[in-house]
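Peer 1: Have a look at this one.
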Amino acid sequence: MSREIIEAVHAIEREKGIESDTLIRALEDALLAAYKKTPDASRHATVELDREEGDFRVFSIELPSEIEERLIEEARERTLTELEQLEAENGERSHTLISDDELDIDWSDVPEHLVKRADVTPDNFGRIAAQTAKQVILQRIREAEREMMYEEYVDRVSEVVTGIVQQAGDRNNVLVDLGRVEALLPRSEQVDGERYEQGSRIKAVITEVRSGTKGPQVILSRRDPELIRTLFELEVPEIADGLVEIRAVAREPGYRSKIAVESHAQGVDPVGACVGPRGSRVRMVVSELRGEKIDIIPWNTEPARFVAKALSPARVREVYIDDGTRDATVIVPDDQLALAIGKEGLNARLAARLTGWKVDIQSDTEFAQAEAEAAFGGGDDTEFTGRCAAILSNRKRCPNATLPGSRFCGVPGHQELAAREAAGEDLTGTVIAVAEAQPEEAEGESAEGPEVAEDGPEQTDGAPAAA
């Protein structure tokens, strides 16, 4: 019978991939526990296996009294330390009684000549071994399989997987079959408004893998921004090949998302690649996200351009940035203010997340009033903003900074005004052509379906950007 056990262990090693040493050690521990329950069992004993013959033998261990007391004391301290650590983790006080007879002492460092061994194998130990072997092997197989599944899925955290909804009656917990394991989609990781029908296929991100007594517990999420990244990788070959990269993602699950894309190959339009022919690629992603709108923004190293396009589909007129505080003041036409802010601030919030800048949106009227108040905040007619005093043909102040010792910037037309003012001429109401001080406004293109941003405003040193 013992030989059959050894052959079974090797068969399991080949089929399940479980090391035979693991099973043998488990058998020895289980048989030792079984021996200690027999009448007149030795206080200290060990079980050894002859791997050639397949025989299990039990040997009693006798130690000198002073060495035995020292080893028992060390074992008691180890047990107390483990209990204290367990209490600290659980936050509860343990009331476990420690018996010296139940302590596992370590006599491996004791010299051999001080250890007395005697064969105390019971007569019916072969039958006990057979019964114990079956239980231990089955238990260790289950534990090894659970450990293998845990190791497999713990390395797949942040990966997108496809599963079949098994149970969706309870909205708080949706069970998803991933094949070898059943995953959990908790209520906090579900998207508002989505319905998960039993038997339907869904894609989700593995956010956490927990080790449990019944196997690994995989936690899924439909709200993770990584879901959008992976969906675009599946639909856009240029992203999968590394020609186009998704640099940033900002998402309000179920409502709207913004992604910033950059091309690493000349001649490859990152926005066009993600949109696809007639919007086919982005439409597949929107379908998987159950109708969530997606804005595709070209990545730009210039903060003003990037912030302006991140507010798509709204048109931006000017962007003032502060590198120190990472604040961006965005000026939009009066009729674009509501669109730039979005419903309950959604568009502005997503733009701030995508760019990493704090975005303050103002209309033309609000900004002009604030500028006027700031320009003469001292209570007299003296201006102290440091901004060019020239009035453009669109009735707005020139956005450029003044030159030292002057109220005007370095634009030739504005320097002419400075000379006329120095000559004592009254310049009240004088305007100049807008083209001399402000770049032309770029008109964005509109398309059906998800909004796509084009080039943004330019920025010059010491001056705001104009879209």
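Every number in this text was worked out from the coordinates using simple rules, so none of it is lab data. Note that the structure is a prediction, hence the values are computed from the model and not measured. No Cβ is skipped: glycine too gets one built from the backbone with ideal geometry, and neighbour counts run over all protein chains shown.
Peer 1: Which of ILE72, ILE296, ILE202, ILE331 has the fewest other C-beta atoms within 10 Å, and how do the rest follow up to the most?
Peer 2: Ordered by Cβ neighbours within 10 Å, fewest first: ILE72, ILE202, ILE296, ILE331.
Peer 1: Separate question: Considering amide H positions built from the backbone, and no H for Pro or chain starts, which residues 5 or more places from ASP295, or on another chain, come under 5 Å of its amide H?
Peer 2: HN-HN under 5 Å from ASP295: SER257, LYS258, ILE259.
Peer 1: If you average the C-alpha positions of the range 246-262 and of the range 14-79 separately, how far apart do those two centres end up, in angstrom?
Peer 2: With the range 246-262 and the range 14-79 each reduced to a Cα centre, they are spaced 59 Å.
Peer 1: Also, I was wondering about something else. Step through the table entries LYS343/LYS396; LYS37/LYS214; LYS258/LYS293; LYS16/LYS203, compare each Cα-Cα distance with 19 Å, and write down the pairs that go over it.
Peer 2: As for pairs spanning more than 19 Å Cα to Cα, those are LYS343/LYS396; LYS37/LYS214; LYS16/LYS203.
Peer 1: How much length, in nm to one decimal, is gained on full extension between GLU226 and LYS134, taken as 0.36 nm per residue of separation minus their Cα-Cα distance?
Peer 2: Stretched out fully, the GLU226 to LYS134 stretch lengthens by 28.6 nm.
Peer 1: I've got another one for you. Give me the one-decimal nm value for the distance between modelled label points at GLU112 and LEU243, 7 Å along each residue's Cα-to-Cβ direction.
Peer 2: With each label placed 7 Å out from Cα toward Cβ, I get 7.1 nm.
Peer 1: Still on this model: Go through the range 217-229 residue by residue and turn each phi into a ³J(HN,Hα) via Karplus (6.51, -1.76, 1.60, θ = phi - 60°); whole Hz please, and just put x for glycine and proline.
Peer 2: 3J(HN,Hα) across the range 217-229, in whole Hz: 9, 9, 9, 10, 9, 9, 9, 5, x, 4, 4, 5, 4.
Peer 1: Another question about this same structure. Residue by residue through the range 397-410, what is 3J(HN,Hα) from phi via Karplus (6.51 cos²θ - 1.76 cosθ + 1.60, θ = phi - 60°)? Round to whole Hz and write x for glycine and proline.
Peer 2: 5, 5, x, 6, 7, 6, 7, x, x, 9, 9, 10, 8, x
Peer 1: Residues of the range 281-306 with the amide nitrogen closer than 11 Å to a label point 7 Å from the Cα of LYS343, along Cα-to-Cβ, please.
Peer 2: Those under the cut-off are 293.
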